[in-house]
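Shown next, in structure tokens, is the structure this report addresses.
The values are calculated or read from the model by the stated rules, or taken from the named source; none is laboratory data. Keep in mind that what you see is a predicted model, and the values were worked out from it rather than measured. Note that each Cβ is placed from the backbone with ideal geometry, even for glycine, and that neighbours are counted across all protein chains shown. Heavy atoms of the whole protein, side chains included, go into the accessibility calculation; ligands, DNA and RNA do not. Shrake-Rupley method; radii C 1.70, N 1.55, O 1.52, S 1.80 Å.
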Amino acid sequence: MVLLVIDTQKGITDERLYEFERFRNNVRQLIAEARQNNVEVVYVRHDDGPGTGFSVGDDEFAIFDEFAPRESERIFDKTVNSALHSSTGLAAYLSEKNETKIMVVGLQTNFCIDATIKSAFDLGFEIFVPDHANSTFDNDYMTKDVCYHYYNDFLWPQRFAQCISMQEALAVIHETHH
């Protein structure tokens, strides 16, 4: 199993997110547990392209300090919503390692998290989504809380992923390498 940390970049990882403190604490705890249990932590960054302020070299593009990868941890960059799109190389990397399980955390629930979960499902991965380890902002159609619950409580469970409590997520991490 890998812990996939998606788009937790400085430009969007802040108090505007739904239940930011809970999200922040849960992701920090999952990263720490994964590292302690030899579960690989893989990072993904979204690149909107040069001149956007959200691209390679821009401060906003960098991963949020509290979740910062270690030097040995892999980072994949993407220009599309799905972290598993063929252009990122991530699906090929996971295939080479014979990984079949992915725990997905990060941003944003209704964009890159949703697209990655559906791509992972189509590619045959077993997907785990820990409670309050993804988040998003208000948009023109849904408030951030409605958006979070729509995906985590309604759309993904029993269709695309196992949406699980933090306690269950920590147990999955422990089981993986013990």
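If one puts a single equal scatterer on every Cα of the range 98-166 and applies the Debye formula without solvent, what log₁₀ I(q)/I(0) results at q = 0.19, 0.20 Å⁻¹? With one equal scatterer per Cα and no solvent, log10 I(q)/I(0) is -0.67, -0.73.
Derived scalar couplings between HN and Hα for the range 89-102 equal x, 5, 4, 5, 4, 5, 5, 4, 8, 6, 7, 10, 10, 10 Hz in order, rounded to whole Hz, by the Karplus curve 6.51 cos²θ - 1.76 cosθ + 1.60 (θ = phi - 60°), x for Gly and Pro.
With Cα atoms as the point set, the radius of gyration and Dmax of the range 46-135 evaluate to 13.4, 38 Å.
Value of Rg to Rh for the range 1-53, rounded to two decimals, is 1.04; Kirkwood radius and Rg both from alpha-carbon coordinates.
Heavy atoms only, probe 1.4 Å: what % of the accessible area of the chain goes to carbon and sulfur, would you let me know? Can you show the working numbers first?
On the way: 3950 of 8480 Å².
About 47 percent, which is the carbon plus sulfur part of the accessible surface.
Estimated at the nearest 10 Å², the accessible area of residue 122 is 120 Å² with a 1.4 Å probe. Annotation for residue 150 and residue 59: the two label points, set 7 Å from Cα along the Cα-Cβ direction, are 3.4 nm apart.
Here the Karplus relation 6.51 cos²θ - 1.76 cosθ + 1.60, evaluated at θ = phi - 60°, turns the backbone of the range 123-135 into coupling constants of 8, x, 6, 8, 10, 10, 10, x, 4, 6, 10, 9, 7 Hz, with x for every Gly and Pro.
I need the per residue convex hull volume for the range 1-101, using only the alpha carbons, in cubic angstrom as a whole number. Can you show the working numbers first?
Values: hull volume 11.1 nm³, N = 101.
It comes to 109 Å³ per residue, whole-number rounded.
Applying D = kT/(6 pi eta Rh) to the chain, where Rh is the Kirkwood radius over alpha-carbon pairs, T corresponds to 25 °C and eta to 0.890 mPa s, the Stokes-Einstein value obtained is 153 µm²/s.
How charged is the neighbourhood of residue 128? Take every other residue with its Cβ under 12 Å from the Cβ of residue 128, and add Lys/Arg as +1 and Asp/Glu as -1. Numbers along the way, then the final one.
Numbers: positive: 101; negative: 126, 131, 168, 175.
Taking every other residue near residue 128 into account, the sum is -3.
Per residue, the accessible area of the chain comes to 48 Å² when a 1.4 Å probe rolls over the protein heavy atoms.
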